[in-house]
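This report refers to the structure that appears directly beneath it.
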């Protein structure tokens, strides 16, 4: 088993709608020791019949903070992170509070546009060019954050195989 650890943090739907997740795991396991966290479970949110709006509200109203604390409790060693949507915000905040992150990759983590503090990790963010909630160019310039915009993609780009392949190729080039 590979000693380089990679944590995957789900979007706000958790594992219930993550039909795309096995594709990432299959591509990343040869390079990393992969561990998956369901963001809903970390946030202690039961999401069985919740709408996207209800889930979002639960994360904003305490769920993100609860997830950050649980992630910090569970992870004590250096990790790499690949996070999806709300998972990116959870990982970012945990990194700022002491989670030892070497490489931080987040896809469609639109709430990062509200962050002013930058973690001390090697960061690369991915967004769809048609995602209206992505950070603006000024945010990237001010924060000096590496990013890649998939010009014709929307928020759910991380669920599509053509983008999964490119993102996993980027991760496979992470130095050991």
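Within the stretch 125-142, the only residue that satisfies the criterion of being touching a strand residue (DSSP E or B) at 6+ places or on another chain (Cβ under 9 Å) and in a helix (DSSP H, G or I) is 140.
One residue stands out in the stretch 81-102 among those that are out of contact with any helix residue (DSSP H, G or I) (no Cβ under 8 Å at 6 or more places or on another chain) and outside any helix (DSSP H, G or I): the one that is surrounded by the fewest Cβ atoms within 10 Å (Cβ to Cβ), namely 100.
Every condition in (1) in a helix (DSSP H, G or I); (2) within 15 Å of the chain's Cα centre (by Cα); (3) within 19 Å of residue 94 (Cα to Cα) is met by residue 24 except one, and the failing one is (3). Within the stretch 65-80, the residues that satisfy the criterion of being surrounded by fewer than 21 Cβ atoms within 10 Å (Cβ to Cβ) and either within 16 Å of residue 34 (Cβ to Cβ) or in contact with a helix residue (DSSP H, G or I) (Cβ under 7 Å, 6 or more places away or on another chain) (or both) are 66, 70, 72, 74, 75, 77, 78. Going by the structure shown, is residue 158 within 15 Å of residue 8 (Cβ to Cβ), in a helix (DSSP H, G or I) and under 16 Å from the mean Cα position of the chain (by Cα)? Against the criterion (within 15 Å of residue 8 (Cβ to Cβ), in a helix (DSSP H, G or I) and under 16 Å from the mean Cα position of the chain (by Cα)), residue 158 qualifies. Filtered by the rule that a residue be in contact (Cβ under 8 Å) with a residue 40 or more places away in the chain and either assigned to a loop (DSSP other than H, G, I, E, B) or more than 15 Å from the chain's Cα centre (by Cα) (or both), the stretch 162-176 gives 165, 172, 174, 176. Restricting the stretch 46-62 to residues that are within 15 Å of residue 10 (Cβ to Cβ) and free of Cβ contacts under 8 Å to residues at least 24 places away in the same chain, which is surrounded by the fewest Cβ atoms within 10 Å (Cβ to Cβ)? Checked the stretch 46-62; the qualifying residue surrounded by the fewest Cβ atoms within 10 Å (Cβ to Cβ) is 46.
Every number in this text was worked out from the coordinates using simple rules, so none of it is lab data. From a predicted model like this one, the values you see are computed outputs, not experimental measurements. In this analysis, Cβ positions are derived from the backbone assuming ideal geometry, glycine residues included, and neighbour counts consider all displayed protein chains.
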